[in-house]
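Below: one structure, written as structure tokens.
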Amino acid sequence: MVPHLITALTGPINELEQRLLESMPAIERWFRLEWMEHTPPFYTSVDLRNAGFKLAPVDTNLYPGGFNNLTQEMMPLAVQAAMAAIEKICPEAKNLLLIPERHTRNTFYLMNVARLMQIFTLAGLNVRLGTLDETITEPTDLSLPDGSTLTLEPLIRTRHRLGLKHFDPCTILLNNDLSAGIPDVLRGLHEQYLLPPLHAGWAVRRKSQHFSAYEEVAKKFAKLMGMDPWLINPMYAVCDEVDFQQGTGMDCLQSQVDAMLNKVRRKYKEYGINEKPFVVVKADNGTYGMGIMTVRDAKDMVDLNRRTRNKMSVVKDGQEVSKVLIQEGVPTYEQINDAVAEPVVYMIDRYVVGGFYRVHAERGIDENLNAPGSSFVPLAFAEPSQLPRPGVKPGASAPNRFYMYGVIARLAMLAASYELEATDPDAETYT
């Protein structure tokens, strides 16, 4: 189920939210049946955009890096979910090796690593950190803002196992999205559980595959709910062979942007929505909010300035962009202290363990908020006085407004499990 958290929403419940809240038993049963058939990713975070008339995921991360943004009160949920996840994968687990990103100077990220260590330690595991940074050849302490330290240790690879000095783990948890490619040290580990699997990393993964899987999930779910899947699904298209520096592939991009804007216009007209449509062009292999731009008119694609071309041509770890996703833009109408905000939902295994808002004071309702200058506002649990009270007349207790976010985030997580099954290089084929 989904924790009862306080959201920035204060207005009356709209039709979509009402429908989800009223259908809770049917929705939860549907998810249970799906999880009998599919394996959830080990952990997931989903960026959502809530336009009121539409609520949709715009990014699904399989290596979440913001566990430090969850409140301390959410730790028991995270620990419980971590226990369930580990028990399912490796019940006899004792040692867990956590492999973080290489960038060791970002203290916000390191606080996330510390929080992950805390979660898995409380779940009953010995947790140590191994680094893919080959320049670290002995245990190295990193200081954190709260006065604590993390110790990074060099990895030791034997024929089929990976560990540290005097530390042989049964499970290896990656918090590194492998944007720069799959290091040899992680290949061929057939005796240990590697979570998430290597094909979940950006060396292999593509956003277009994820949103194709999400479209399938959204259609199934919308059929259950008797509604238009568009209300929860951002339309998308793809352009291959794009080179922003050389200016090649721009015709494809311009025509796809134009077609997408027209599709959105038709939908807005159908629903009587008085908004100016926009699309978001993203690198298909992009992460960290890099390689993203908002486009309101296809003509804007003709004369991109050099700064925009540079921004769009390379993403994290210097990876070049050659394929882009053209995604229907979903505005966000949530605000915190007059700054535009979007909810981010965190999950371990199939459980929602918390959430927070990504807030950016300098960005508009139709822009990417995952950019320098963004901040995070943790969500708190709803007060016990707002929990349902037996014997009190209907409507006296506040509905769980966060439930809606948890449902859409879990749909994106389910899509990620479809996606990982479809791209698994070791999948057994039945003929």
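Tabulated data
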{"quantity": "Surface accessible to a 1.4 Å probe, ARG265 within the full protein complex, Å²", "calculated": "110 Å²"}
{"quantity": "³J(HN,Hα) computed for each position of region 97-107 - Karplus, 6.51 cos²θ - 1.76 cosθ + 1.60, integer Hz, glycine/proline x", "calculated": "9, 9, 10, x, 4, 6, 6, 9, 9, 7, 5"}
{"quantity": "Distance histogram for region 208-337 (every C-alpha pair counted, 10 angstrom bins, percent rounded to whole numbers)", "calculated": "12, 39, 33, 14, 2"}
{"quantity": "For region 159-205, the spread of Cα positions along each principal axis, largest first, Å", "calculated": "32, 18, 17"}
{"quantity": "Bridge type composition, the chain - antiparallel percent by DSSP, nearest 5", "calculated": "75 percent"}
{"quantity": "Members of LYS223/LYS282; LYS219/LYS276; LYS223/LYS276; LYS54/LYS223; LYS54/LYS269 lying beyond 19 Å, as alpha-carbon distances in this model show", "calculated": "LYS223/LYS282; LYS219/LYS276; LYS223/LYS276"}
{"quantity": "Those residues of region 359-383 whose amide nitrogen sits under 17 Å from the label point placed on LEU21, 7 Å along Cα→Cβ", "calculated": "382-383"}
{"quantity": "Share antiparallel - DSSP beta bridges, region 13-153, percent rounded to 5", "calculated": "60 percent"}
{"quantity": "Label-point separation in nm, GLN335 to ILE182, each point 7 Å along Cα→Cβ", "calculated": "4.7 nm"}
{"quantity": "Interchain or long-range residues, amide H under 5 Å from LEU96's placed H", "calculated": "ASN126, VAL127, ARG128"}
{"quantity": "1.4 Å probe accessible area per residue over the chain, in Å²", "calculated": "46 Å²"}
{"quantity": "Simple label model, 7 Å out from Cα along Cβ direction - ASN14 to MET36, nm", "calculated": "3.4 nm"}
{"quantity": "Packing-based ranking, highest mean first, of 227-233, 145-151, 272-278 given that Cβ atoms within 10 Å are counted", "calculated": "227-233, 272-278, 145-151"}
{"quantity": "Cα gyration tensor shape of the chain, rounded if a/c is under 1.5, else prolate or oblate by comparing a/b with b/c", "calculated": "oblate"}
{"quantity": "Label-point separation in nm, GLU87 to GLN246, each point 7 Å along Cα→Cβ", "calculated": "5.5 nm"}
{"quantity": "Residues ALA361 and ASP133, FRET efficiency given R0 of 35 Å [Cβ-Cβ distance, rounded to 0.05]", "calculated": "0.55"}
{"quantity": "Centroid-to-centroid separation of region 61-128 and region 214-245 [C-alpha atoms, Å]", "calculated": "31 Å"}
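The values are calculated or read from the model by the stated rules, or taken from the named source; none is laboratory data. Bear in mind the structure is a predicted one, so any value in this text is a computation, not a measurement. Cβ coordinates were reconstructed from backbone atoms using ideal geometry, including for glycine residues, and neighbour counts include every protein chain displayed. What goes into the accessible areas is simple: the full protein's heavy atoms, side chains included, and nothing from ligands, DNA or RNA. Shrake-Rupley method; radii C 1.70, N 1.55, O 1.52, S 1.80 Å.
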